[in-house]
1. Among 50-56, 172-178, 69-75, how do they line up from the highest to the lowest mean number of other beta-carbon atoms within 10 Å?
2. Amide H neighbours of residue 23 under 5 Å, counting only residues 5+ apart in sequence or on other chains, H built in-plane at 1.01 Å?
3. Once each part is reduced to its C-alpha centroid, what is the distance from segment 308-357 to segment 178-201 in angstrom?
4. List the aspartates and glutamates whose Cα lies under 14 Å from the Cα of residue 241, skipping any in the same chain that are fewer than 8 positions away.
5. Report, by chain and number, residues whose modeled amide H sits under 5 Å from the one on residue 403, excluding near sequence neighbours (fewer than 5 apart, same chain).
6. With +1 on each Lys and Arg Cβ and -1 on each Asp and Glu Cβ, and nothing else charged, work out how big the dipole of the chain is about its Cα centre, in Debye to the nearest 20.
7. Report the local net charge at residue 420: Lys and Arg +1, Asp and Glu -1, summed over other residues whose C-beta lies under 9 Å from its C-beta.
8. Taking a threshold of 21 Å on the Cα-Cα distance, which of the pairs 347/436; 336/373; 300/336; 136/300 fall above it?
Amino acid sequence: MSKSKEVVSSAIPASVEPVRIAVIGCGYVGLVAAVCFAEIGHSVICIDSDAEKIECLQQGRIPIHEPWLEELLRSQNPTSLRFSTSLADAVRASQVVFIAVGTPPLESGDADLSYVEAVAVEIARSIDSYKVVVEKSTVPVYTSDWIARVLRRNGVRPGEADIVSNPEFLREGTAVTDFLYPDRIIIGTCSDRAFRIMERIYRPLIDGSYSRRPSAVTLFSNETRQATLLRTSAKSAELIKHASNAFLAMKISFINSVANLCEQVNANVEEVARGIGLDRRIGSQFLRPGLGYGGSCFPKDIKAFYSIGEQMGAELTLLREVERINERQRDHFLRKVRSTLWNLRGKHLAVLGLAFKGGTDDIRESPALSLVKSLIGEGATITAFDPAAMANARRAIVSPRLELAESALQAMDGADALLILTDWPEFASLDLSEVKARLAQPIVFDGRNLYHPAVMAERGFTYVSIGRAAVEAATEPSELHSAATPYRVA
Ligand code: UGA
């Protein structure tokens with residue numbers, strides 16, 4: 001990506017027909033959508049019931065760690081992007097209302113749609129002219145029907161509002177570029193009128209005119225993406241979102257299963273994944289083995305998708321296995337740590353990474369955090385470092401056995417072993433001599449395969465990774481690995 005930090009919004013290009021947009025919900029999806037709609041030339045009001053959050057946004061501060069978001073927010077002028085707590089005013093001032101409120105999981109695994117319903121009721125009460133009401137939150141199939149029903153029950157007359165399902169496919173850490181350079185834009189609606197307005201909103205991304213602006217946020221130079229606009233029914237659009245996340249999660253569980261087999265037969269999962277991914281029908285993405293998927297989306301969406309299938313009499317049994325493999329992956333890693341270090345009680349471990357993946361401060365359903373909790377539970381003391389997620393981790397784990405370091409290297413001082421649990425790019429380029437000098441024992445458990453086993457052995461480490469044979473430092477006493485160690489040592 002390249003763009004000057006001094007972002008100054010250019011005048012709206014002639015090709016853009018500005019649309020007045022309200023975005024309800026300043027969470028991840030809502031905030032990114034609001035800022036990016038303003039960036040491509042529309043006039044946006046972003047609403048949240050949390051007055052503190054709104055105040056913070058009005059001052060140009062972003063409550064989440066997301067590259068580009070703060071720069072873009074600050075580059076907008078007050079007519080292109082405003083923040084408010086008044087949903088009614090925003091609805092009246094807008095042609096299109098995006099619902100982007102949270103849909104957290106209920107105990108049953110279903111999505112809690114009560115916020116969506118509450119917002120739909122408020123929208124209905126505020127409507128004074130034709131509106132397009134768009135569901136942007138991740139919701140189960142039939143939600144658009146329910147929104148239509150709620151609007152009707154609350155006095156909205158036929159023809160006064162159309163419903164659109166327009167799911168979001170952005171990833172945390174690359175949300176802004178994912179939004180501005182999407183693979184596809186799904187517009188699910190039976191209304192031609194609503195479709196035309198939605199097409200107008202996204203036109204700068206579909207015809208490539210946004211990317212040609214001198215001030216545009218750009219992708220890495222050699223990457224090109226052509227957005228496909230796909231019109232579907234609202235129900236199909238709702239299913240596309242859940243099915244996409246389920247499919248990606250399935251790829252991850254698949255490669256993690258293959259990784260486990262690789263360990264048993266002394267093959268290398270990185271080679272296997274590359275060989276599989278070169279088949280264009282399969283593709284190389286989301287075949288990175290590791291500690292299993294986490295985050296605020298996959299775990300919750302898999303459960304919700306399974307649940308809706310069950311309720312509709314079309315049980316997606318495959319997803320149960322995807323989940324099971326994912327959960328087992330952390331235990332499997334923990335067993336490797338135990339079988340290499342023997343007892344964990346009293347051991348001092350350095351941990352790099354607490355976020356659910358690199359590039360974010362989000363610790364929701366983080367495999368790294370869950371492993372840290374397990375290690376502490378088994379009596380180890382941890383010194384951890386994460387470039388962005390430490391404040392969140394500190395709130396999530398209150399234990400005298402967890403210390404936070406100021407740098408990756410500092411976390412390693414005197415530790416019995418190093419565990420790499422999150423794939424931050426900076427963890428892939430550590431000064432290995434320094435790592436070795438700081439650790440009490442040159443033992444590295446790499447849950448993200450950031451290093452090459454042969455290189456690690458050559459540099460004097462015992463190195464245990466995913467789906468590849470563990471290697472032992474040539475200089476290390478041979479009795480370290482007991483006969484019980486189930487991993488082949490190269
Ligand atoms: C995911 C989807 O990728 C987005 O398309 C979707 O819009 C979003 O959920 C959502 O529903 O809102 P995100 O949760 O931000 O995005 O993160 P991903 O990059 O997809 O990673 C999810 C998890 O899978 C992470 O824990 C990551 O470490 C893991 N992962 C990913 C792997 O273990 N291996 C891989 O090859 C890829």
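1. The most tightly packed comes first, giving 172-178, 69-75, 50-56.
2. Answer set, sorted by chain and number: 45, 46, 47, 98.
3. 37
4. Candidates past the 8-residue exclusion: 135, 168, 183, 301.
5. Here the answer is 382, 383, 384, since their amide H atoms fall under 5 Å of that of residue 403.
6. About 760 debye.
7. Here the charged neighbours net out to -1.
8. 300/336
The values are calculated or read from the model by the stated rules, or taken from the named source; none is laboratory data. This one's a predicted model, so the numbers in the text were calculated from it and none came from an experiment. FYI the Cβ positions are ideal-geometry reconstructions off the backbone, even for glycines, and counts take in every protein chain you see. Only protein heavy atoms, including side chains, enter the accessible area calculation; ligands, DNA and RNA are left aside. Shrake-Rupley method; radii C 1.70, N 1.55, O 1.52, S 1.80 Å.
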